[in-house]
1. Can you tell me the order of 248-254, 90-96, 103-109, 280-286 when each peptide is scored by its average per-residue count of other Cβ atoms within 10 angstrom, highest first?
2. Rank these for me by crowding, Phe102, Phe49, going from fewest to most other beta carbons within 10 Å.
3. Given the C-alpha centroids of region 80-134 and region 1-74, what is the distance between them in whole angstrom?
4. Going by average Cβ density within 10 Å per residue, which order do the peptides 180-193, 33-46, 53-66 take, highest to lowest?
5. Would you mind telling me the antiparallel percentage of the DSSP bridges in the chain, rounded to 5?
6. In Å and whole numbers, how far do the C-alpha atoms of region 2-309 stretch along each principal axis, longest first?
7. In percent, what relative contact order does region 241-306 have, based on Cα pairs under 8 Å that are 6 or more apart in sequence?
8. Return a whole-number percent for the relative contact order of the chain, with Cα pairs under 8 Å and 6 or more residues apart as the contact set.
Amino acid sequence: MKILVTGSAGHLGEALVRTLQQTHHTVIGIDILPSGFTQQVGSIVDRNFVRRCMAGVEGVLHTATLHKPHVSTHSRQDFVDTNITGTLNLLEEAARAGVGAFVFTSTTSAFGDALTPPPGVPAAWITEAVTPVSKNIYGVTKVAAEELCALFHRNHKLACLVLRTSRFFSEADDSQEIRQTYDEYNAKVNEFLYRRVDIEDAVNAHLLALEKAPAIGFGRYIISATTPFTPDDLLDLRTDAPAVLCRRVPTYEAEYARRNWRMFPNIERVYVNQRARQDLGWRPHYDFTHVIDKLRADNDPRSPLARAVGSKGYHAHKFTEGSYPVG
């Protein structure tokens, strides 16, 4: 199969190209930035460029996007151009070329303010049934792009699957408070409980989606590490997350004490990946229990792919607060 990967100089795009290059598939990586994993340099906003790159393509993995860290450095129009118009160009050219499967990388940030329940309310159990409440232009444009995918499935019979991925970047947290309060790796490990996925598991989800898309037609899926929590934990997670974790993963406490790490005092949402596991046959390997087991043995719990891709950043220069223009 000839597969087009957009955003091939980015975290996930590079990881996909790296992986596909080890298979029998032919892969074409495109990005506005040159890289060792980019075969064609250009913008998805350029319709003619997209049309040329789509020739002979049988599957599309669309990861190119402006991200949340770009909200303060790019205009709303930039977000519309890249995240909506760029996606529209790809969908129209994919439909024109008779592409058999289109996988769109969305984000759990699309849920927006639905992720933050009011004080005194249990943590949110986030499944695909939760209605997004966009909180910024990033979320607005990602939801709009998802709807374009749904439209092209309905009107053009283009098989489209939307993957709402949780965090997989290796950069420091974009919250100034988290950066100042927690060791960087401590914070990332905490997130495997409810809002993080290893990039190797994210890649596997995309490849399964590409395979399953023709049979499914259209669907939205949350791609996040399997949580040890259940709906029965949601009330306590808002008030005493460490106590809940002691019940669910008791081995964590000694390892955190050994490293002088801390669990977040409360957790406000939990991403649920059940539909992806059920429909796609996805089996994420890098969950919180796996991470703790590796740490106890003094091994690096990251996948080899995560280590290979490493940190890229989102901007070409540094800011007062480091990698991010805002706290």
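Rule-based calculations on the coordinates, nothing more; no lab input. Please read these numbers as outputs of a predicted model, since none were measured by experiment. No Cβ is skipped: glycine too gets one built from the backbone with ideal geometry, and neighbour counts run over all protein chains shown.
1. Highest to lowest by the protection proxy: 103-109, 90-96, 280-286, 248-254.
2. Listing Phe102, Phe49 from fewest to most nearby Cβ atoms yields Phe49, Phe102.
3. Each part reduced to its Cα centre gives a spacing of 18 Å.
4. 53-66, 180-193, 33-46
5. That works out to approximately 5 percent antiparallel.
6. Extents along the principal axes, in whole Å: 56, 39, 39.
7. Averaging sequence separation for qualifying contacts and normalising by length gives 29 percent for region 241-306.
8. It rounds to 18 percent for the chain.
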